[in-house]
Amino acid sequence: MNEHNLDRYDLKILAELQRDARISNQELAERIGLSPSPCSRRVKHLEDSGYITRQVALLDPARLGLKLTAFVLIGMDRHTPERFEGFEKVIKGCAEVLDCYLVTGMDADYQLRVVVPDMEHYQQFLLGTLTRIEGVSSVRSSFMLHQIVASTELPLAHITPQ
């Protein structure tokens, strides 16, 4: 199945599950206008086809004491596969890093989103981890003041149903 083979039911299923993955199959079937058995088969097919990669619970960072979000730009001293592999291996092991992107168009090689309890924890992460990774030549941090948009829902309007 590819994007050109998604029909209106598949797109409705994807939209509903993005909003609430805990919805029962019965409720999902009612919302999209199918009976439960075909709805369940479609969900399974979307999972098997890689459209649905996993289902997770979204937690409230503030309720968990994670009140500081930093956006961090990382510059590397050399652009070699070994440098990038070494950096990425370390970063993948850092629970504080929620997102890590190799980027272009900036004065940086990577952009991170880091969540920690407070500035003291960020300083420990910065000095104890980030600046100690071989090849890191610059670190620039910005801090979130207020979150305007927070969504995990991907836009689906560009897909024409079959």
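Worth pointing out:
- When peptides 70-80, 141-151, 48-58 are sorted by average Cβ neighbour count within 10 Å, with the highest value leading, the order is 70-80, 48-58, 141-151.
- Phi-derived couplings, Karplus 6.51 cos²θ - 1.76 cosθ + 1.60 at θ = phi - 60°, listed residue by residue for the stretch 40-55: 4, 4, 5, 4, 4, 5, 5, 5, 4, 7, x, 6, 9, 8, 5, 10 Hz, with x used for Gly and Pro.
- For the stretch 98-161, GluC sites (Glu not before Pro) meeting the loop criterion (DSSP other than H, G, I, E, B) and having at most 15 other Cβ atoms within 10 Å: Glu134, Glu153.
- Mean residue ellipticity, 222 nm, helices only, the chain: the sum of -39500 (n - 2.57) across DSSP H runs of n ≥ 4, divided by residue count and rounded to 500, is -10500 deg cm²/dmol.
- Value in Å of the Kirkwood radius, where the chain supplies the Cα pairs that are averaged: 18.8 Å
- Neighbourhood charge, 13 Å Cβ-Cβ cut-off, centred on Asp77 and excluding it, Lys, Arg +1 and Asp, Glu -1: -1
- 16 Å reach of a label modelled at Val56, 7 Å along Cα-to-Cβ, counting backbone N of the stretch 1-45: 18-22
- In the stretch 26-162, a dipole from Cβ-located charges (positive for Lys and Arg, negative for Asp and Glu) runs towards its positive end, and of Phe87, His45, Val103 it is His45 whose Cα lies farthest in that direction.
- Environment charge at Arg140 (Cβ cut-off 12 Å; Lys +1, Arg +1, Asp -1, Glu -1): -2
- Model label zone, Tyr9; criterion: amide N under 13 Å from point 7 Å along Cα-to-beta-carbon; scope the stretch 31-55: 31-46
None of the figures in this text is laboratory data; all of them are computed from the coordinates on show. Since we're looking at a predicted model, the values are computed, not measured. Cβ: placed from backbone, ideal geometry, glycine included. Neighbour counts: every protein chain shown.
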